[in-house]
Amino acid sequence: MVQEQAATQISATTRPLRERVGISIKNGLKARYTVQEVVESIQKAEAAGIQQIWMPQIGPLDTPTIFTAAALQTQQIRFNVGVVPTYTRHPLILAQQALAFDQVAPGRLRLGIGSSNKVLIEDVYGVPMGKKPLSQTREYMSVLRAAIETGQVEYQGEFFQVHYHEETTASIPLIISALGEKAFETAGEISDGALPWLAPIPYLLEKALPALKKGAQSQQRPAPPIIAGVLVALSEDQQAVQRAVLQQIEHYLGLPYYIRLFANAGIPLGPDGTGSEELISALVAQGSAAAVEQRLRQILATEIGELNLTLIPVVDEQKEYAQLLRIIGNL
């Protein structure tokens, strides 16, 4: 089994670089697009040779629905939902959405789930999270995977009691969001990939990856890939980059989950904002197109399985987005 895990790691990190890099199509707290605008962005990405795109489920529009519309207007680009909050959608409902998409575009979906955070789940949705979000995610994954892969669910748990029997099935990779080491260990046990956000690369390599491998080994299964989220700022103006990045991520800097993550990564943030400059330097691939490409290649030369790139516009979003597409195309 150790040899099998090692072989899987080698396979994941020796695929062509372009296949290991996706780009985020923003539908988030600070981004507002129509469905058609998102579809057009995905079409442009496919035309530029991008292999896969990512889109979160945190904005006003439903990501699986947008992806279905985009799948009908594209040929081969792969779609990654990263991620659907588990407290806002029953696993059977999400399974039905995923199965419907798979009939539109077979083999082109990867589905991410995660517990999200109390600010969104409790303050916005008004749903109590309780004290066991990771346990809830485990149960959610069990129901979701069985519903998608077998169509047969008889589950009696603490959070879900499900009786479901259908014939429609599909093979759809399921990934979970992860920040802390326990979450990465859980991802190693039950998922097809771990999707962190705002996690510095050294933290992922030194702490998250060993936890992921530990979880996989405990279940005698190959270790799934870590899909690192990397911010990209195509500017050599350091102050402008700092301002642009802070504007995009300031919401996360006050959340307890992320405060703990940054401290565990060796970059504690002070109440007066100290540490933010070091954090941004750790999170962002920045500079000229050549410098950004070099940084991406450096990361891909490690045991990080894949990258999910998010553009941080600094001066001209359309121009910088086009530059980023060319960078990925050059990999």
Just to be sure I understand: with springs between alpha-carbon atoms less than 10 Å apart, which residue in Gln136, Gln298, Gln97 has the highest mean-square fluctuation in the Gaussian network model of the chain? Gln298
Could you work out the helix-only [θ] at 222 nm for the chain, with each DSSP H run of four or more residues adding -39,500 (n - 2.57) and the total divided by the number of residues, to the nearest 500 deg cm²/dmol? -13500 deg cm²/dmol
Mind putting together the pair-distance distribution for the range 164-231? All Cα pairs, 10 Å bins, whole percent per bin, short to long. 23, 47, 19, 9, 1
Along the chain, longest interval not containing exposed trypsin sites (Lys or Arg not before Pro), exposed being DSSP loop plus at most 13 other Cβ atoms within 10 Å: 132-331
At most 15 other C-beta atoms within 10 Å and a DSSP loop state: those are the exposed GluC sites (Glu not before Pro) I care about. Give me the longest piece of the chain that has none. 1-157
Is the shape of the range 26-181 best called rounded, prolate or oblate, per the rule: a/c under 1.5 gives rounded, else a/b larger than b/c gives prolate, else oblate, with a ≥ b ≥ c the square roots of the Cα gyration tensor eigenvalues? oblate
Can you bin the range 79-120 into rounded, prolate or oblate? Criterion: square roots of the alpha carbon gyration tensor eigenvalues sorted a ≥ b ≥ c, rounded for a/c under 1.5, prolate for a/b above b/c, oblate for the rest. oblate
Running Debye on the range 64-155 with equal point scatterers at the Cα sites and no solvent, what base-10 log of I(q)/I(0) appears at q = 0.26 Å⁻¹? -1.28
For the range 40-98 versus the range 123-191, the gap between their alpha-carbon centres in whole angstrom: 19 Å
With Cα atoms, 0 to 90° folded angle of helix 317-330 axis to the chain main axis: 70 degrees
To check you understand DSSP bridge types, tell me what percent of the beta bridges within the chain (both residues inside) are antiparallel, rounded to 5. 15 percent
Against the longest alpha carbon principal axis of the chain, how many degrees, from 0 to 90 and to the nearest 10, is the axis of helix 181-190 turned? 50 degrees
Accessible area of Val104, 1.4 Å probe, to the nearest 10 Å²? 60 Å²
Count of lysine pairs in the chain with Cα separation under 15 Å (8 or more residues apart, or interchain): 9
Against the empirical 2.2 N^0.38 Å scaling, what ratio does the C-alpha Rg of the chain come to? 0.96
What is the angle, in °, between the Cα long axis of helix 35-47 and the longest principal axis of the Cα atoms in the chain? Nearest 10 is fine, range 0 to 90. 70 degrees
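The values are calculated or read from the model by the stated rules, or taken from the named source; none is laboratory data. Bear in mind that the values here come from a model prediction, so they are computed numbers and not experimental data. As a convention, Cβ positions derive from the backbone with ideal geometry for all residues, glycine included, and neighbour counts pool all protein chains shown. Accessible surface is based on the protein model in full, side chains and every heavy atom, while ligands, DNA and RNA are left aside. Shrake-Rupley method; radii C 1.70, N 1.55, O 1.52, S 1.80 Å.
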